[in-house]
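Contents: one structure, followed by commentary.
The values are calculated or read from the model by the stated rules, or taken from the named source; none is laboratory data. For clarity, every value in this text was computed on a predicted model and none was experimentally measured. We place every Cβ from the backbone using ideal geometry, glycine too, and count neighbours over all the protein chains shown. Ligands, DNA and RNA are excluded from the accessible area calculation, which covers all protein heavy atoms including side chains. Shrake-Rupley method; radii C 1.70, N 1.55, O 1.52, S 1.80 Å.
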Amino acid sequence: MAVTAEILVLGNWKMHLTDAEGVTLAQSVAETASGLGAGVQVGISPPFPYLQSIGETISGSGVLLGGQDCHYQSQGAYTGDVSAPMLVDCGCDFTLVGHSERRQHHHEDNGIVFDKACAAIEQGLHTVICVGETLKQREDGSYLSLIGEQIEKALPERANRQTVSIAYEPVWAIGTGKTAGTEDIIEVHAHIRSVLGRLLGEDLPRVLYGGSVKAENALEILSLPVVDGVLVGGASLKAGAFAEIIRAASQTGS
Ligand code: PGA
């Protein structure tokens, strides 16, 4: 399924839930998403072992299925990894790459993120490239140039609105309950748009916000004209909270 809507609401389940819990949650997401117009698309990224059962659960509902990561090679001796063709084989429509937890725990640099993004696009997966600064980089004022560099070094040549989205996720806001203020979001998203404009000209990728998005702040964030959607971690694990975020998106994006 192609990514076509103006606004995306993506849930990143990370390493959470059992298969049965995931299926129950996915049923509820599919139900909530069933009434949406063309302006909003919802997607979920379950853990790899559940991709097929969750894929079957959301089949025909319009909810997108995504990986949380993919390897840059299509196959090989890479114990524990999953390739982009495997994601496609499991029915995925999109994948995340370059999430800060991958950059931090798996030492992924911009070059690896670039290779992963190329591999994913090559397979026809819509590729969500995650960028964002640490607290130290925010406080020392280097965050805008750092984010610009993350995009310049990781953006494949074939990047455009159909193939890529950028998710701005300040590391200090992920899973901490601290959300970036609207002025911070506006500043960084405007910067990302100008970097993308310089690199790509037109047909620019969507720019999503992620980092402690929850039912209480989703409408405020999604109402910002520079925000084309949200990438949600913790709150995407709760059916009610994620449904409210989806409804907030439908108020702004329909
Ligand atoms: P969070 O995670 O919503 O729990 O802060 C966001 C993410 O890591 O994508």
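Multiply the residue separation of Ser28 and Leu135 by 0.36 nm, subtract the distance between their alpha-carbon atoms, and state the gained length in nm to one decimal.
Extending this stretch completely gives an extra 35.0 nm.
If you average the C-alpha positions of the range 32-99 and of the range 191-254 separately, how far apart do those two centres end up, in angstrom? When both Cα centres are located, 19 Å separates them. Among the trypsin sites (Lys or Arg not before Pro) found in the range 55-160, those both in a DSSP coil and sparsely packed, with 16 or fewer other Cβ atoms within 10 Å of their Cβ, are Arg158.
Other residues whose C-beta falls under 13 angstrom from the C-beta of Phe48 contribute a net charge of -3, scoring Lys and Arg +1 and Asp and Glu -1. Loop-located GluC sites (Glu not before Pro) in the range 150-229 (DSSP state not H, G, I, E or B) with no more than 10 neighbouring Cβ atoms inside 10 Å: Glu157, Glu202. Of the residues Glu244, Glu149, Glu21, the one that moves most in a GNM of the chain with alpha-carbon contacts below 10 Å is Glu21.
Taking 19 Å as the straight-line reach from the Cα of Lys116, the aspartates and glutamates in range (excluding those fewer than 8 positions away in the same chain) are Asp69, Asp81, Asp89, Asp93, Glu101, Glu108, Glu149, Glu152, Glu157, Glu169. The residues of the chain expose, per residue, 43 Å² of accessible area to a 1.4 Å probe.
Only lysines eight or more places from Lys238 in sequence, or on another chain, were considered; those with a Cα closer than 19 Å are Lys14, Lys178, Lys214.
In this rough spin-label picture, where each label sits 7 Å from Cα along the Cβ direction, the Gln52-Glu183 distance is 5.3 nm.
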